[in-house]
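Notes to accompany the following structure.
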Amino acid sequence: MQLQTVLHRRFRGERGAEFVYVASSAAILGVDAATGAVVDAFAVPGGRDQDAWIADQADRELAESTLHDLVDLGVVRPVGESPAPRATLPPMPFPLATLVLNVTNKCNLTCTYCYEYGEDRLTAGDGSKGTGKPKMDDDTARQSIDFLMRSSGDRPQVSITFFGGETLLNFPAIRVATEYAEETAKSFKKRVHYSLTTNATLLTDEVVDFLTKHRFGITISIDGDQQDQDRHRKFQKGVGSFDVIEPRIRHLLVTNKERKGRSIGARVTLTSGAAPVPHTYRFLTQELGFDEVGFAPVTAGLGRDYALGEKGYQKLLREFGELAEDYVAAALRNETHGFANLGDLLRELHQGVNKAHPCGAGLGLLGVSTEGELGLCHRFVESKSHSVGTVTTGIDEATRTAFLTQAHIDNKTDCTQCFARPLCAGGCYHEAHVRYGDATVANLHYCEWIRGFIDLGLRTYGRILEANPKFFARFES
């Protein structure tokens, strides 16, 4: 029988131990000499005859046993074998876990690269003036909560995320929705977790007091030190925002720590010409005091001067590698590290995540516009594309199911031979829509970047696993 090694990625640990990441199952296996010999022998075009290969081995018994073990584990399979069928979708209607309330479509900043009001926005309108109703009213906020409770099935806990525009421009709706959710959740016997993204310009004492008392998970959109922050994140009159947000962020962090609140993270949009990632990370964690930092390459159409481009992605990968060294050093001391991108990737690797869709958008997560329209996620609300219902009429299950079926990883032929597919699943829907006009296609423009980052994650995982395996216990709860 002709056998062939399935799609995989080999990587090494800190002290030379070898591992293999199996794309079909998202399993990570240790590789000894005998296992490595089998993986290599059958990783050839057209496969290899198993009997002939065994007959050529010095230790035939060991070779045959190892080969059969790898066949049983799905690492080596018959050539031409059809892959095991995968469920197109989980049983529908799938219960919601998270609802993102876009409580306002207005913003007090004019960030150059903004996907909502910048050059690549999906909505019509003039800059940060937005379209439709500028703010979500109290009735729509309450209706959104009622919708979430009805649509979350038997889930014991749900999450509500507040978003904008600049979210805090409609703090009254946040207060109303939070207090209503806490009361409503009691009758549904659910717990509610709250989170919010803000540019920090409106973090008054009243707001900070409310958010920390209700244990909000808070993400601050900030691009780094004053120079990086003020390059793209300016007020509408062209004045940089750093001097306004810096003292407000410090006040929030101090108050949150005093109240033993949840971690507060910074979200950095990476653009062409930005400071090196390690510099930005250390400024945000050591100088300002953030608990963690996540970095997101800018979403940009072709030709934007702030877009990263191929060389920019290569530079970014090198800088992620530098910051990964700090992460490994912390892990070997059994300490946490705030490099959120790498931490999230290591968690998914350890848990064997194997995605059919790149994220929960349209599945366990939906966005709500100021008018109560449901979108795939917060990035699509008010665009009138990818609407899937309203909070009063409910989800249009036919539209939702049709989109998720088309967006399934098995329908993205470009991803068929990519070892990163269990973790990437083709990439962000909104990014694909901006680049290609089709949210269901793969993000081919950053495939090499994603493969490079996941390869970095695999090597980091192997190094930590070999030197301090107990570190990963934190990802098992």
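The values are calculated or read from the model by the stated rules, or taken from the named source; none is laboratory data. In this text, all values refer to a predicted model and were calculated from it rather than measured experimentally. When we count neighbours, we look across all protein chains shown, and the Cβ atoms used for this are built from the backbone with ideal geometry, even at glycine.
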Checklist line | helices (runs of 4 or more DSSP H) contained in segment 193-308 and holding at least 2 residues polar (S, T, N, Q) and at pLDDT 95 or above | finding: 226-232, 242-258
Check: Among the residues of segment 50-71, is there at least one that is out of contact with any helix residue (DSSP H, G or I) (no Cβ under 8 Å at 6 or more places or on another chain) and closer than 30 Å to Gly165 by Cα?
Finding: no
Next item on the list: Would you check which residues across segment 345-394 are surrounded by 18 or more Cβ atoms within 10 Å (Cβ to Cβ), on the phi > 0 side of the Ramachandran plot and outside any loop (DSSP other than H, G, I, E, B) and list them?
Entry: Gly389
Next item on the list: Could you look through segment 437-477, keep only residues that are more than 20 Å from the chain's Cα centre (by Cα) and over 23 Å from Phe419 (Cα atoms), and pick out the one that is surrounded by the most Cβ atoms within 10 Å (Cβ to Cβ)?
Entry: Phe471
Margin query: Given the condition in contact with a Ser or Thr (Cβ under 9 Å, 6 or more places away or on another chain) and at pLDDT 95 or above, answer yes or no: does some residue in segment 440-457 qualify?
Written below: yes
